[in-house]
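Here's the structure, in structure tokens; my notes come after.
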Amino acid sequence: MVVGGGISGIQAALDLGTAGFKVYLVDKAPTIGGHMAQLDKTFPTNDCSMCIESPKFVECNRHPNIEIMTYAEVDSVEGKAGDFTVTLIKKPRYIDESKCTGCTVCVEYCPVQYPDQFNQEIWNDTIKTHTLDKNRVKEMLRKWQTNTQRNSNEKH
Ligand code: SF4
């Protein structure tokens, strides 16, 4: 198991998987990529971050020995070297992941604005429905309903 799906974790998973080990690549975020995916250029070569990372995303996803487990956190680790039992908490996305194609139609039609966590909440974006956070969505929906009710009352 590799915990952390940033560039180091991705490369570790690829190296282990290619060496013949079954690898579970775990990340608490909704996607692999880590902080590098948020950068434009990388030191010292000034290369485009995504140009380096995205081929590795695809390679990880297609690798027969790698199973990517995103939106999952390590809850407990038991056992000893060579014989660990790890319990993960998998956060729900409230969609059927096996059917989601990432088409983003749900994002287009979502009426609720939500601070964009990937961009450090610098601006609002519509909810990424395919990565719902129940508590934050409830809070945003409450605000949206209050605003809608207020607008409706002002019209009458
Ligand atoms: S991105 Fe949204 S609309 Fe598209 S398949 Fe996934 S859940 Fe459905």
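No value in this document is a laboratory result; all are computed from the given coordinates. Predicted model, so just to flag it, every value in this text is computed and none were measured. Cβ coordinates were reconstructed from backbone atoms using ideal geometry, including for glycine residues, and neighbour counts include every protein chain displayed.
Among V105, V112, the ranking by other beta carbons within 10 Å of each residue's beta carbon, starting with the fewest, stands as V105, V112.
Taking every DSSP beta bridge that has both ends in region 1-91, the antiparallel portion is near 60%.
Counting beta carbons within 10 Å around each of F84, F57, F43 and listing the fewest first gives the order F43, F84, F57. On the principal axes of its alpha-carbon atoms, the chain has extents of 69, 42, 26 Å, going from largest to smallest.
Straight-line cross-link partners of K143 among the lysines, defined as a Cα under 20 Å from its Cα and at least 8 positions apart when in the same chain: K128, K134, K155.
When the Gaussian network model of the chain links Cα atoms closer than 10 Å, the mean-square fluctuations of G33, G79, G17 top out at G79.
Using DSSP, restrict attention to beta bridges with both residues in the chain and report what percent are antiparallel, rounded to the nearest 5. Taking every DSSP beta bridge with both residues in the chain, the antiparallel ones total about 65 percent.
If R0 is 25 Å, the Cβ-Cβ spacing of R62 and T87 corresponds to a FRET efficiency of close to 0.35. With coordinates expressed along the principal axes, the C-alpha atoms belonging to region 9-74 extend over 34, 25, 16 Å, beginning with the largest. Database remark: amide H of K91 closer than 5 angstrom to the amide H of A72, E73 (H placed geometrically; neighbours at sequence offset of 5 or more, or on other chains; Pro and chain starts carry no H). Roughly how many whole Å is it from the C-alpha centroid of region 1-61 to that of region 63-107? Each part reduced to its Cα centre gives a spacing of 15 Å. Computed from label points 7 Å out along Cα-Cβ, the spacing between L141 and N119 is 2.5 nm. Take every pair of alpha-carbon atoms less than 8 Å apart whose residues are at least six positions apart; their mean separation over the length of the chain yields a relative contact order of 17 percent.
The helix-based estimate of mean residue ellipticity at 222 nm for the chain, built from -39,500 (n - 2.57) per DSSP H run of four or more residues and divided by its residue count, is -11000 deg cm²/dmol to the nearest 500.
As a proxy for reagent exposure, I10, I122 were ordered by neighbouring Cβ count within 10 angstrom, fewest first; the result is I122, I10. Using the Cβ of G34 as centre and a radius below 10 Å, the other residues enclosed give a net charge of -2, where K and R count +1 and D and E count -1.
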